[in-house]
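Trainee: Have a look at this one.
Nothing in this text is a laboratory measurement; each read-out follows from the coordinates by a stated rule. Here the structure is a predicted model, which is why all the values come from computation and not from measurement. Virtual Cβ from ideal backbone geometry, glycine too; neighbours counted across all protein chains shown.
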Amino acid sequence: MISAVNDHNCLLLLKTNENAAWQYLIRIYFPVLFRFAHKILKDEGNAEDVVSDVFVKLWQQHADFDDWHQVKKYLYTATRNSCLNALRSKQREKARHESFANAYVQNEDVLGNEILYSEILAETRKAVYELPPKMREVFILAYFKKMTNEEIAVYLNLSNQTVRNQKATALAMLRKSLQPKFSLPVLAIALTLKDLC
């Protein structure tokens, strides 16, 4: 019966949903449409999926066609449009993946920096509270409270030179305590002190 089906009588058989019409369409047009889709998509699996979907849609609408040329036009137009939609979808997916990957890498960097920063703060806070009491007080007033040497000297009833010596000694002790752990210059550590209070 398949040999009796041709382009001229296929429409009539298609409208009545005859199996012979479907076999004819798939045997004749599936390879042609597959080749057409593959040229656009450059992917055999996607091309096969597109053409299969086109035949499913044709089956769903088989009674709507009045002319054989409409069927052929539908097959090619639907295949082309489905291919273009697949390409757009693939591009959007690729863009989403790239955007997610970039955001993930950036977030990983930010997260890694935040973790390191938190560790530095915790270790610096510990080191500050391990300073001798009077030195710790001078250090906190100078770096946390942002008092000048003169203000600290008046506040603690110390000489300016004693305040300077206490600050220098405190920084040296902090450097000695923190550098083996972080290998950071003292200035970088000192910049973190604003978050310690």
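Trainee: Using a basic spin-label model with each label point 7 Å from the Cα along Cα→Cβ, how many nm lie between Met135 and Ala63?
Mentor: 9.4
Trainee: Over the stretch 2-94, what is the relative contact order in percent, taking alpha-carbon pairs closer than 8 angstrom and at least six residues apart?
Mentor: The normalised contact order for the stretch 2-94 reaches 32 percent.
Trainee: Which ordering of Tyr74, Tyr29, Tyr143 is given by a fewest-first count of other beta-carbon atoms within 10 Å? Kindly include the intermediate steps, with their values, before the conclusion.
Mentor: Numbers: Tyr74 16, Tyr29 22, Tyr143 19.
Fewest-to-most ranking of Tyr74, Tyr29, Tyr143: Tyr74, Tyr143, Tyr29.
Trainee: Next question, about the same structure. Going down the table (Lys15/Lys42; Lys15/Lys94; Lys145/Lys176; Lys72/Lys94; Lys146/Lys176), which pairs top 29 Å between alpha carbons?
Mentor: Values: Lys15/Lys42 33 Å; Lys15/Lys94 41 Å; Lys145/Lys176 23 Å; Lys72/Lys94 33 Å; Lys146/Lys176 23 Å.
Distance filter (> 29 Å) returns Lys15/Lys42; Lys15/Lys94; Lys72/Lys94.
Trainee: Same structure again: As an exercise, use a Förster radius of 45 Å and the Cβ-Cβ distance of Leu156 and Phe100 to find the FRET efficiency, rounded to the nearest 0.05.
Mentor: Efficiency computed from Cβ-Cβ geometry: 0.25.
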